[in-house]
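To start, the structure itself, in structure tokens.
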């Protein structure tokens, strides 16, 4: 058996030994090895080889690892040449670097955004152990996942399952802003009414006071930013804050604000739930008005705890609603991105879809920048070809020529990285505004820099590999002679890349127009009431509802108000749903629900709804407790043809303590919920009690400036309710607020499509310049022979126009398919107008022709003598 | 300025290079050293010293022919320069003169040509 020197020893030796010594030393050691092999065992011979290798660890023999000697000598040369090329072609370098920089900027911004989404809630110390209790109802129509819980469950889990849960805390299902006042100043702030242990669950970072402060229901704990706002530099602990002009609370603690990217990041305060339920027991088993959060014990798995509580709610199930009711726990890591369920299965939430979509768009924009680099470099094949020829004749192998081009692309990408980091820094505030985030550039983290450099390496490989591969393939003799073939695969490939760029651009333009059209469509849709000049004020305490009539009278006396009405729900949501109605004379109970609200008789006059049939409520008819008004879709839902005068019977609930009603009027549908949804069937009952007046609506006179009216309204309001905070919202503002998410998409889409087309055009600008320089003699000769400027312009632009036309053919069907899919998300949507596609194609073609024409017209106008005299 | 003194180990190696002639390359030199002096030495140590002697100008070297037992690699053959011969002779003269003055050995007859 042949014995070889130990492999690793050889590797090690060649690793550290100077290049020029390797042959003789390897030879000597191998000779010594076989010499020893004759005398000793193979084992000993190998051992002796190692001994000899280690004895070469001497200064004279070790490579100088710090000097550039170890790197290919060509590197510094490559960098030098790259730099010279970069400076020589300033326009093309600028196009390349800017295109790449825009792509990288977009990628970094999107990357930061995605990282922010994925670090959601990670600020909490017990991130891994915090859970939310969820409910799964299996019904015949499907499986429903819901987070609304009964109060009784919270108590049950806390008492009987304490071996699983360290803490539990209930809060109201729908948190809302509350008015906190200190002395004369009041603030509308977001905060939560929780059971006291929430502070431990969230491991709330207390700056002052203790986490047990909420054990006392008359305490409030407030965020640092809120404390600074109301108490400035004073010590907040022990100060009094008034809640909703109703109760005085004592500040028991101040916590450091939770970060924006956490579920409770908007909390200015936490108040004990016991404050509201001080005398009645809220912890019942039949009212699903709470959310339940918990902290698992350290060694309890989520699966085990889920299994343990699975059947707790089963006994309380409503037979008519579901066949099976299970509880399970949703871990905190899923709250932000994985809490959307469809038929009981976790599906990608809208946020995740957004993240995927924009990551894709970011990468595509970066790719468009890379394509510019590829095209501009390969287009220069004639000049660069000579360089390659000379290199090859002087003995360069293909790989070293290719490495020159790769180094060049890395220099461009690195330059672009520097530019884009500056850009990101400048754009971040604007980006945060659009995306509603508080993202910062992680300057201080080495990971960020490492990731950036790694990313640049990848980008430069993508951008540089094709030019490197293509340009290094030249035959030196042909290259130096200038006999390189013009057309062929290279041109075709470049054309494909251009088509790709423009297909993306056209697609993005069409997408942007569609999104804006859709938003506009919903914004201008008929609302069923007049949203201009309509104020809403939310009542915060019992006094507000008690003094409703007085308020109305006083407000009308100001002269700036046309009418005032009250209801138990605002115009901006569709809360309050009830079902179980049947039409008189029919035994069939309608199984759909209606949005049931109570309104004072002037509701119609105040909102200026449109009466279609019958009459409005009116004080003339006294306490018309058996009258109701339906919206058109409500009438349709009941299948009535002649609704006015029809009697309805309520089977599940009573309204105004009545069960029999007569329809007295029908109104046009009112859009109270999502502006993109079909109208919710509305059923209005007259408000006859002093309760259910939580919202006041004020119709301002249109002929008086609203700014002035508001002042009079506030004065009058405070004359009736001196302590009640005055926060009035215009209905049209509130309506516009519902477009936030769509507007965000729209703005980002506009931004990205303009960037895509900008980069694409920059590339085309460079390409057309090349083409014109290559054909400058041809143009000269044609001109001498009598070609007109128009002829020449057409000839030069035709190729590019053809490419854009092909791009249209690619992009239009894809855009049609995708935008159609997107619009399916909305019940109320535009049809895909043909003009949107035409606009996308035509605008792209126009921009292209403008870009290309700059060079082609200039070349056509040039004096042929200048281009021909050198021949 | 180059160091031109000759250490003991250097002197021995220089002599062995002279003895081995055409076969004076690192592995053979180390082997010869071990044979003659009955002391073990690593090739690296020998190589390092040969390298130093080369820098001092006492040795020159060139690549020889490749042989099979070295995996077809060439070896570096060392050769003493005139300067090397001179320091060797110089060193021997000094030592002889010292030996001859050493009373304990004064009677002994040295036949060192």
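Rg over Rh of the stretch A:1-70, using C-alpha atoms and the Kirkwood radius, what does it come to? Each step should come with its number before you reach the end.
Details: Rg = 12.9 Å, Rh = 12.6 Å.
Taking Rh as the inverse mean 1/r over Cα pairs, Rg/Rh reads 1.03.
What do you get when you divide the Cα radius of gyration of chain A by 2.2 N^0.38 Å, with N the number of residues?
Chain A yields a ratio of 1.29.
Where the centroid of each part is defined by its Cα atoms, how far is the stretch A:685-741 from the stretch A:144-192 in Å?
When both Cα centres are located, 28 Å separates them.
For the stretch A:1-70, what is the relative contact order in percent, using Cα pairs closer than 8 Å and at least 6 residues apart in sequence?
About 42 percent, as a whole number.
Neighbouring Cβ atoms within 10 Å as the yardstick, rank A:535, A:360 fewest first.
On the way: A:535 21, A:360 11.
Exposure proxy ranking, most exposed first: A:360, A:535.
List A:478, B:10 from most exposed to least, where exposure is judged by having the fewest other Cβ atoms within 10 Å.
Details: A:478 13, B:10 19.
Least to most surrounded, the residues fall as A:478, B:10.
Given contacts defined as C-alpha pairs under 8 Å and at least six residues apart, what's the relative contact order of chain A, whole-number percent?
Details: 1395 pairs, mean separation 114.4, N = 871.
That works out to 13 percent.
With n ≥ 4 as the cut-off for DSSP H runs, can you work out [θ] at 222 nm for chain A, using -39500 (n - 2.57) per run divided by the number of residues, rounded to the nearest 500?
Estimated from H runs of four or more residues: -16500 deg cm²/dmol.
How large is Rg over Rh for the stretch B:8-105, taking Rg from the Cα atoms and Rh as the Kirkwood inverse mean of 1/r across Cα pairs?
1.05
For residue A:821 paired with residue A:443, estimate the spin-label separation in nm (one decimal), with each label point 7 Å from Cα along the Cα-to-Cβ line.
My value for the distance between the label points is 4.2 nm.
Roughly what % antiparallel, to the nearest 5, for the DSSP beta bridges in the protein assembly as shown? Spell out each step's value before the answer.
Values: 84 of 103 bridges.
Close to 80 percent.
Going by how many other beta carbons lie within 10 Å of each one, how would you line up A:818, A:133, fewest first? Intermediate values should be presented prior to the final figure.
On the way: A:818 14, A:133 26.
Sorted ascending by nearby Cβ count, the order is A:818, A:133.
Sort out for me the Cα centre separation of the stretch B:1-65 from the stretch A:406-433, rounded to whole Å.
59 Å
Report, in degrees rounded to the nearest 10, the 0 to 90 angle that the Cα long axis of helix A:489-523 makes with the longest principal axis of chain A.
Approximately 10 degrees, to the nearest 10.
Taking Cα atoms, how many degrees apart are the long axis of helix A:446-471 and the longest axis of chain A, rounded to 10 and kept between 0 and 90?
50 degrees
Under 19 Å from a point 7 Å along the Cα-to-Cβ line of residue A:578: which residues of the stretch A:651-685 have their amide N that close?
Taking a point 7 Å out along Cα→Cβ of residue A:578, the residues of the stretch A:651-685 whose backbone N falls under 19 Å are A:651-667, A:680-685.
Scale the Cα Rg of the stretch A:246-316 by the rule-of-thumb value 2.2 N^0.38 Å and send over the ratio, two decimals. Write out the running numbers ahead of the final one.
Numbers: Rg = 16.8 Å, N = 71, 2.2 N^0.38 = 11.1 Å.
Dividing the Cα radius of gyration by 2.2 N^0.38 Å gives 1.51.
Looking at the stretch A:130-335, what % of its DSSP beta bridges pair antiparallel, to the nearest 5?
Taking every DSSP beta bridge with both residues in the stretch A:130-335, the antiparallel ones total about 85 percent.
Could you tell me the center-to-center distance, by alpha carbons, between the stretch A:268-322 and the stretch A:778-798 in angstrom?
About 81 Å separates the Cα centre of the stretch A:268-322 from the one of the stretch A:778-798.
Compute the helix-to-body angle for A:548-557: its Cα long axis versus the longest principal axis of chain A, expressed 0 to 90° and rounded to tens.
Tilt relative to chain A: about 80 degrees.
State, as an integer percentage, the relative contact order of the stretch A:541-724 based on alpha-carbon contacts under 8 Å between residues 6 or more apart.
Across the stretch A:541-724, relative contact order equals 34 percent.
FYI, it's all coordinate maths here, none of it is from the lab. Predicted, not measured: the structure shown is a model, and the values here were computed from it. All Cβ positions, even for glycine, are placed from backbone atoms using ideal geometry, and neighbour counts span all protein chains on display.
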